[in-house]
1. With a 10 Å Cβ neighbour count serving as the proxy for reagent exposure, in which order, fewest first, do B:Val383, B:Val70, A:Val232, B:Val37 appear?
2. Counting only C-alpha contacts under 8 Å and six or more residues apart, can you give the relative contact order of region B:1-90 as a whole percent?
3. Determine the sum of side-chain charges near B:Ile358: Lys and Arg each +1, Asp and Glu each -1, restricted to other residues whose C-beta is under 14 angstrom from that of B:Ile358.
4. Which shape class, rounded, prolate or oblate, goes with chain B when its Cα gyration tensor gives a ≥ b ≥ c as root eigenvalues, a/c under 1.5 marks rounded, and past that a/b bigger than b/c marks prolate?
5. Can you give me the Cα centroid spacing of region A:223-264 and region A:94-161 in angstrom?
6. Determine ³J(HN,Hα), in whole Hz, for all residues of region A:84-89 in sequence, where each value follows from phi through the Karplus function 6.51 cos²θ - 1.76 cosθ + 1.60 and θ = phi - 60°; x replaces Gly and Pro.
7. Please work out whether region A:118-243 counts as rounded, prolate or oblate from its C-alpha gyration tensor, where a ≥ b ≥ c are the square roots of the eigenvalues and a/c under 1.5 means rounded, while otherwise a/b larger than b/c means prolate and anything else oblate?
8. Taking amide H positions as placed in the peptide plane 1.01 Å from N, state which residues far from B:Thr196 in sequence (5 or more) or on other chains have amide H under 5 Å from it.
Amino acid sequence: MKGKDFVKKYTMVLALILVFVLFTILTGGRLIMAQNISNLLLQNAYVLVMACGMLLCILTGGNVDLSVGSTLCLSAAAAAKLMEGGSSPATAVFVSLLISAVIGIWQGWLIGYIHIPPFICTLAGMFLFRGLARVILDSKTIAVMNPGFLKLFTSYIQIPGVDSLGNCPSAMVIGIIIAVCLTIFMIANRAKKAKQGYQVASFASTLIRVIIFDALIIAYASRLMGYKGIPVMVIWILAIVLIFGFITSKTVFGRYFYAVGGNEKATKLSGIDPRKVYFWAYFLMSLLAGLSGLLVGARIGSVDGNMGNSYEMDAIASCFIGGASAYGGSGKISGVMVGAILLGVINMGMSILGLPDQYQYVVKGAVLLAAVIFDVVTNHKTGKS
Amino acid sequence: MSDTILEMKNIVKEYPGVKALNNVTFKVERGEIHALVGENGAGKSTLMNVLSGTIPYGEYTGDVIFNGNVCQFHNIKDSEKVGIAVVHQELALIPELTIAENMFMGNERRTKFGTIDWNRTYGEAQAAMKRVGLKESSQVLIKDIGTGKQQLVEIAKALAKDCKLLVLDEPTSSLNEEDSKMLLDMLLDFKKEGITSIIITHKLNEVAYCADQITVLRDGQTIETMQNEDHTIDENRIIKGMVGRELTDRYPDREHKIGKEVMLSCKDWTVYHPVYTEKCVVDHASFEVHKGEVVGFSGLQGAGRTELAMSLFGKSYGSHITGQEFIGGKEVHLKNEADAIEHGLAYATEDRKTNGLILDETIARNTTLARMDKISHKDIVNVPEENKQAEIYVKAMHTKTPSIQQHAGNLSGGNQQKVLLAKWMFAEPDVLILDEPTRGIDVGAKYEIYQIINEMVSQGKAVVMISSELPELLGMCDRIYAMNEGRIVGEFNGKDATQEKIMSAILSSDNKTVKAG
């Protein structure tokens, strides 16, 4: 019985491990080469970042934002165009984020206060912003070459004299520091809860969790050490994920998203304004899409009118694979991250194997469907019993 | 020589914790108009659901005998096949389709190729409409005709199915005087054509006007069947049958410490429907609630009690709200629900599942939702504190649950109600409005909820209790207001009030509809 609960709770984590091991074997270990592991998060930066915002939208009631791929393109196009014209990276970043904030306010207002159905509103946005991006780009491809901009998003933390390509002990040192901090935090947190008489997991299980987390961090750090060190982009991703994880799990503000998705009428009668909740979901989503535009633009090194095509679907798929309810009201950032990485591993594994694009779509679709069917069927069963 | 078309024998239907029908026997003669009366929750609709197959055979016990045959209806189609047609109180029409399309919904007229035969559809619809006196084209959309005519379409739809027994569930509740009269006269015409009708209604003048026999249901039991062939029955005679319940339910005692201080009051409070903005749902209502007082609101469904309460609770219902609202003697203009909560109001909804609780969330999270500020610091939730508070309320309310982490949806109705009450007590209101706080819960849980109400008022709070159960109001309230059709039509002292007095205040205010005789 306990084992069953465990499997249910960690289905996607187990699936991730399974897929990871499978592709490691299929690729003859190439998947876990330092460069590939380092690239795994960087390649999927936009998915990880945008899935955080997408989760908020989905929490409000299974609503999605279809415009984020286009917003991402528009943001990147604006930055690229400005820097091509000689603007500073700071100006470019500011203007791009401003544009995405305006889009967020616009869509948040339409959806929250004018009650335009999110699907239609963001579908319109998808065309609208894609078009505007192409107007800015004048249907050309613009290279992103500003060194300051690239440094901000795509450089690696390397300490001169200590680190060199293929050997960056700084990554390992930072990894160990993080692992130690995490260990202390988790154990102290457990002690604090126990002291307040709050029910806590057994010490052994806490210890096992700590060991697993530490092992993952060290393993990841060792891979980064074996390549170019800690990528700045990982810090960006981590910051966003931690902020949104904190918002959704620890704050009153975050709780409102779950409440509105769980029962909007009851939430309203509890003195919470659902309109604001919708507004913030779509506002933050657009802002994250704008940031993702900068990340992707910097990583690819150029911006064209097709950039970000169908990226919204990757973010949406990650949320649902990660256990967010299609009806809203439930889902966690941690789950969504597992979903995003699962998709990322599948993509990367298949690319290494040299499977063509078309099969990647088939597999992605199958994984998404399987995850949702599994979710619906198991929840249905527990609901009945 | 009596000729019985329908006999329902010893019908028992149980829902978890409550017997909706307890050995009901009901007999209808061929060619008569039979009125079925009773308070809200007396079991009228449940009985008709058994008859129509909405409650399928096997989910109740007892026999339904129609035209001499014992019937086993598994769904509505089965009962329609033998000629029973039910017109529900809430109209089941699709606004965006035409009258004819609605009339043959699920029963479409087809050509031999299987496509819809539009000529027959519109033609037959037109013929059926003629029988109920509708002159519109059958191609008019439902949304373009008034509710009165929509009701007629429903009846025409039933006639088109070649029905022998027509059941009308509160057909005149949304009709004006003229339309009501027309509808009743139509039933009298059908009677001449040999169609038997059962009419469920709260309007006793209508009963006296058209019914040949009257059966009274109360608490899921048949009380009596009265003859009314000469249409001269006294309305008070019917009321006596409806409410003649003894006050056997027990209510906990409390010390009555009613203060002078007025906690909540309103003057000429008028509210219009949020969608149909010309419809007045609360009409110049004025009332007050004192410190330490339990004030009851009685009335039939749709009397405007919930609408009054919700509109006072930060305008959470209605449009074009006018009138004055006072809290603690000071006039307030509440902007929204949050404002109302801040001013010390709480409204616990009658519909805990759709408006009250988040069923997929834990008890703990439901308890704190209306006052997250109490368990958070700088917007960060203090989860241990939240759990501690939830534990306190679970213990205080005797909520039966394995843990506060249980989802609200997994609890029984009574325990869900306790979580809803806990949520609003956690909000620490000065005035707590409880809308049907004991609906659908068992006797034991009811008693515990009464105790909680007593405790609230003993702490100097005020409680407004909206209930459709008169004995409950009489047992609990210091004062009782009676409402009907949006107006407050009576005020009673809890000690002097009787069920008869309240019921006749409500029903006699109805006389602006059909005059009997």
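1. Details: B:Val383 16, B:Val70 10, A:Val232 19, B:Val37 25.
Arranged by neighbour count, lowest to highest, B:Val383, B:Val70, A:Val232, B:Val37 become B:Val70, B:Val383, A:Val232, B:Val37.
2. Working: 139 pairs, mean separation 27.2, N = 90.
Computed value for region B:1-90: 30 percent relative contact order.
3. Numbers: positive: A:Arg255, A:Lys265, A:Lys268, B:Arg352, B:Lys353, B:Arg365, B:Lys423; negative: A:Glu264, B:Asp351, B:Asp360, B:Glu361.
Within the 14 Å Cβ shell, the charges total +3.
4. Details: a/c = 1.76, a/b = 1.67, b/c = 1.05.
Judged from the Cα gyration tensor, chain B comes out prolate (a/c at least 1.5, a/b above b/c).
5. 19 Å
6. After applying 6.51 cos²θ - 1.76 cosθ + 1.60, I find 4, x, x, 6, 6, x Hz.
7. Details: a/c = 3.78, a/b = 1.46, b/c = 2.58.
In terms of gyration-tensor shape, oblate.
8. Here the answer is B:Gly31, B:Leu166, since their amide H atoms fall under 5 Å of that of B:Thr196.
Only the coordinates and a few stated rules stand behind these numbers; no lab work does. This is a predicted model, so every value here is computed, not measured. Backbone-built Cβ (ideal geometry, glycine too); neighbour counts: all protein chains shown.
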